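Okay, structure first, notes after.
The values are calculated or read from the model by the stated rules, or taken from the named source; none is laboratory data. What you see is a predicted model, and the numbers here were worked out from it, not measured in a lab. Because the Cβ atoms are built from the backbone with ideal geometry, glycine has one as well, and the counts that use them run over all protein chains shown.
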Amino acid sequence: MFFKCQTHSHQHDQFTSHSPANEGGRALEKTRSGQTTVDIHCHVHVLEADEMLKTLAPEDTGRLMVDTNEVTARINKTQQETILPKLTEPEVRIKDMDAQGIDIQAVSPSPFHYNYHYDPEFTRETSKVVNNRIAEVVADHPERFVGMGTVPLQNCELAIAEMERCVNKLGFRGIEISTNVKGNDLTRAGLESFFAKAEELGTLIFMHPIGTSFKERMNDHYFRNTIGHPLESALAVGHLVFDGYLDKFPKLNICIAHGGGYIPAYYGRFDHPFHLRDDCRENITKAPSEFLGQLYFDTVVFTETQLRHMIEVWGADHIVMGTDYPYDMAEPDPVGHVNSVKNLSDSDRDLITGGNALRLLGLNESALN
């Protein structure tokens with residue numbers, strides 16, 4: 001394994017960070033000495049891919065799904081300009097990682113790079129540019145980063161080819177995908193072979209929405225993110241369960257961003273009708289929650305209560321620490337967030353802050369020290 005984790009003195013003591021990653025100025029926590037910490041949810045932006053998009057569609061900033069009114073668009077534009085060094089410069093990112101007590105980031109592309117609604121050949125080229133840049137970042141700092149890539153998901157054959165390149169040539173550990181493809185659900189977009197290949201390769205699928213296809217009532221108050229994202233994840237998870245994909249691919253590793261959306265907190269509404277209605281068991285023969293137990297959820301839920309509930313229901317071995325760095329919807333104190341959970345054992349804390357991610361990403365912790 002080419003990783004050798006940089007040694008940090010993670011202690012229980014708290015310290016104050018004035019980094020923009022922690023604009024609230026609250027005390028950040030580090031985990032106990034010797035524990036390798038992993039951020040499963042953080043993004044890289046590639047300016048070259050933006051330039052490629054401008055040549056095809058000058059009016060498209062990649063943000064049409066979230067820039068829903070003048071106020072939101074202005075805030076998003078200012079934020080993008082402010083955080084751009086964090087999205088593009090590894091040295092800036094590493095300083096924030098050190099401040100947050102993060103040893104390793106599993107970096108994934110900005111969701112604005114999906115480009116699923118364009119010609120598949122164009123998206124294949126932008127995907128290659130994005131993935132190559134992430135590979136460069138990892139190669140320059142192999143002790144701090146692992147790579148996750150993007151693929152032209154609107155074409156299954158091309159998506160598989162780019163996933164194989166990412167895994168076999170670039171050494172990536174995962175692939176980031178959205179919750180739908182041009183409004184088509186993942187299980188109904190001709191992607192069965194893609195999921196089969198991901199299972200065969202042992203590649204982590206990191207599912208991250210961008211905006212929502214249900215947008216008419218979500219133009220204000222940033223609802224396409226705050227409500228749209230967890231709704232999109234709930235719909236995607238629902239189709240994976242009820243369309244039988246998690247039954248068909250039981251060894252598939254999928255991590256859902258933002259705590260899995262709404263379903264992990266309200267799974268009873270899946271299970272209840274399964275026992276009563278034929279239309280809720282057309283493709284599955286056991287309760288939906290049993291399939292949900294195959295999934296992994298990140299910790300980006302912001303409250304101790306919801307995180308504790310997720311751990312109690314799904315088990316500490318299915319919760320993975322994340323931040324959503326460096327956006328304003330990020331958790332600024334990921335280790336402290338996990339440490340805030342009441343009555344959490346040291347072993348469970350270790351799983352959440354690093355152990356689960358190391359396993360899902362196929363990293364050997366002994367080779368990191």
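Report whether or not LEU170 is buried (at least 24 other Cβ atoms within 10 Å of the Cβ), in a loop (DSSP other than H, G, I, E, B) and among the aliphatic types (A, V, I, L, M). Judged against the criteria, LEU170 is not a match.
If you filter region 271-306 down to residues that are under 20 Å from MET207 (Cα atoms), of a type outside the set (S, T, N, Q) and assigned to a helix (DSSP H, G or I), you find that the one that is nearest to the chain's Cα centre (by Cα) is LEU292. Pairs are defined by a Cβ separation below 6 Å, a sequence spacing of at least 6 or placement on different chains, a first member in region 255-277 that is farther than 18 Å from LEU231 by Cβ and in contact (Cβ under 8 Å) with a residue 12 or more places away in the chain, and a second member that is charged (D, E, K, R) and surrounded by fewer than 24 Cβ atoms within 10 Å (Cβ to Cβ); the pairs so defined are PHE274/ARG281.
When THR123, THR82 are screened for being surrounded by 19 or more Cβ atoms within 10 Å (Cβ to Cβ), over 25 Å from LEU358 (Cα atoms) and not acidic (Asp, Glu), only THR123 passes. Looking at ASN219, is it assigned to a helix (DSSP H, G or I) and under 30 Å from VAL71 (Cβ atoms)? In short, no.
Residues are listed down the side, and each one gets a yes or a no for (1) charged (D, E, K, R); (2) farther than 21 Å from GLU232 by Cα; (3) crowded, with 16+ Cβ neighbours inside 10 Å:
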site: GLY260; (1), (2), (3): no, no, yes
site: TYR267; (1), (2), (3): no, no, yes
site: LEU276; (1), (2), (3): no, yes, no
site: LEU360; (1), (2), (3): no, yes, yes
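Of all the residues in region 212-231, those that are crowded, with 16+ Cβ neighbours inside 10 Å and more than 14 Å from the chain's Cα centre (by Cα) number 10.
Filtered by the rule that a residue be touching a Gly at 6+ places or on another chain (Cβ under 7 Å), among the β-branched types (Val, Ile, Thr) and either at pLDDT below 95 or more than 17 Å from ILE352 (Cβ to Cβ) (or both), region 264-306 gives a lone residue, ILE284. Restricting attention to region 193-211, the residues being surrounded by fewer than 16 Cβ atoms within 10 Å (Cβ to Cβ) and either of a type in the set (A, V, I, L, M) or touching a Ser or Thr at 6+ places or on another chain (Cβ under 6 Å) (or both) number 2. For beta carbons closer than 6 Å, sequence separation of 6+ or different chains, a first residue in region 298-322 that is of a type in the set (A, V, I, L, M, F, W, C) and a second that is at pLDDT 95 or above and part of a loop (DSSP other than H, G, I, E, B), the qualifying pairs are VAL300/GLY322; VAL300/ASP324; VAL300/GLU331; LEU307/THR299; LEU307/VAL301; LEU307/VAL341; MET321/THR299.
Here's the yes/no breakdown for (1) more than 30 Å from HIS337 (Cα to Cα); (2) touching a residue at least 12 places away in the same chain (Cβ under 8 Å); (3) of a type in the set (Asp, Glu):
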position	(1), (2), (3)
LEU87	no, yes, no
VAL92	no, no, no
MET97	no, yes, no
GLN100	no, yes, no
ILE104	no, yes, no
PRO120	yes, yes, no
GLU164	yes, yes, yes
